[in-house]
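To start, the structure under review is shown below, and the notes come after it.
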Amino acid sequence: GDWLACIPNAHPGYISWERFQENLKIIETNGRGYELARASPPREGAALLQGRAVCGRCGQHFRVRYATRRGRQEAWYVCDRGHATRGERDCQSIAGGPIDRAIGSLVTEKMTPAAVELAIEIRREVEARCEEADQLRCRAVERAQIEADLAQRRFMLVDPSNRLVADTLEREWNEKLRALAETREERERARQQDHVVLDEAVRQRLVAMTTDFRKLWDNPDTANRERKRLLAYIIEDATLIKIPAEGITKIHVRFKGGRTETLTTGNPKSSAQQIKTRPEVVRLVDQLLDHHVYSEIAAILNERGIRPGASARPGRAANRFSGKHVAYLMHAYGLRSRYDRLRERGMLSRREMADRLGVHEQTIDRWAEFGLIKAHFYNDHGWQLYEPPEPNTLAKHSSRWDRLVDRAAGLQAGLQNVELEQKEM
Ligand SMILES: [Zn+2]
């Protein structure tokens, strides 16, 4: 606005006149002051609604936060202004992924070739009208310039001794200069108001892609910054309200034309929720503990195709249950230990068993080994509890001819006889 004259492209420049004008526009939209709720310029990050997401609880724009979790960058829409200025709790914080996916599929669905064509057509018309208006204003500036020049010349030519005339002409010149400045300012103001930022590159891509918006949108080579620019032509803003009780987030999308649409997305499970063991698995472990030790339970779970919770993590699909997993589940869910269960069923420790039968503890081991008494493992280290002995049965035989194998065989036969008798009855 300070220049006396502007002759575009009179000299070769570093950048073209058009490029310069575009840069000005971009700078203007980027730096839109310090209003609290302002749309920010598109940046590289993944959060597609950056600068366009409005908090449904307080009406302010969300900020975008990025968190790297397990090697992947995750975007979050965070409404934390109350936190920053008044030390209040964050108003809302919403995981970006599901929101962006919903928005993505909405726009690719809406942006049929016809819709894009229409949008571009309207845009062109608006631009043409602006251009026309600007040319009118440009002519007004030229006229004011000519009049100011004339007034200057008249003033210069007057005889300085003729003071009265000189004063009048000077005043006239001043007025013309003021008028010129006003017209120029007016033009600049109007231009800035009219200016519709339409990045040339994006426009060309848009035109080229009218046949398939989805292809451009889904193309991994398309930078997020570009996706956001595309979005800027389609969506005015999106209001997000998280409803934790229902595990959903509602997205009210306002399109450029004023139409609105409401989407609903499921809130992602928290990191801990994702790997949480399903309750039915915990119940199964509880049942299996009645009859099995940890490693056996792990084998049973694996065989049934049940996988530990952490296998939901990327790269951990091959995870299988181990005895340690099972032990962890038992402690974490407060399941009764196998030891307690066996004790409850009246099982005796080796010491108690030895006392009961009046033999050495090692004899108990040997008898258990040969099946003369029944033992049950209660952990993976081979520790056992013993079924209480029948009142009559066992006494230590001292004769070396009376071997344990034979006694075990005899016991087996006895059992079989009992079974046979039972069947015959
Ligand atoms: Zn808020």
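The values are calculated or read from the model by the stated rules, or taken from the named source; none is laboratory data. Just so we're clear, the structure is a prediction, and the values are computed from it rather than from any experiment. Neighbour counts run over all protein chains shown; Cβ positions are idealised from the backbone, glycine included.
The table below gives the values:
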| read-out | value |
| --- | --- |
| From N379, N302, residue being surrounded by 14 or more Cβ atoms within 10 Å (Cβ to Cβ), under 29 Å from P268 (Cβ atoms) and of a type in the set (S, T, N, Q) | N302 |
| Test: residue in segment 275-285 that is out of contact with any Pro (no Cβ under 7 Å at 6 or more places or on another chain), surrounded by 12 or more Cβ atoms within 10 Å (Cβ to Cβ) and among the acidic types (D, E) | no |
| Some residue of segment 100-120 being modelled with pLDDT of 75 or more, within 15 Å of the ligand (Cβ to nearest atom) and surrounded by 12 or more Cβ atoms within 10 Å (Cβ to Cβ) | no |
| Out of E125, E44, sole residue that is exposed (fewer than 13 other Cβ atoms within 10 Å of the Cβ), away from the ligand (no atom under 13 Å from the Cβ), under 24 Å from R214 (Cβ atoms) and modelled with pLDDT under 85 | E44 |
| Residue match in segment 379-402 (condition: modelled with pLDDT of 70 or more, farther than 30 Å from S322 by Cβ and in a helix (DSSP H, G or I)) | no |
| Residue ranges of helices (runs of 4 or more DSSP H) in segment 267-340 with at least 1 members of a type in the set (K, R), over 22 Å from the mean Cα position of the chain (by Cα) and under 25 Å from L385 (Cα atoms) | 279-288, 323-332 |
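Residues are listed down the side, and each one gets a yes or a no for (1) charged (D, E, K, R); (2) in contact (Cβ under 8 Å) with a residue 12 or more places away in the chain:
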site	(1), (2)
Q274	no, yes
T277	no, yes
R283	yes, no
D286	yes, yes
S295	no, yes
N302	no, yes
A310	no, yes
R316	yes, no
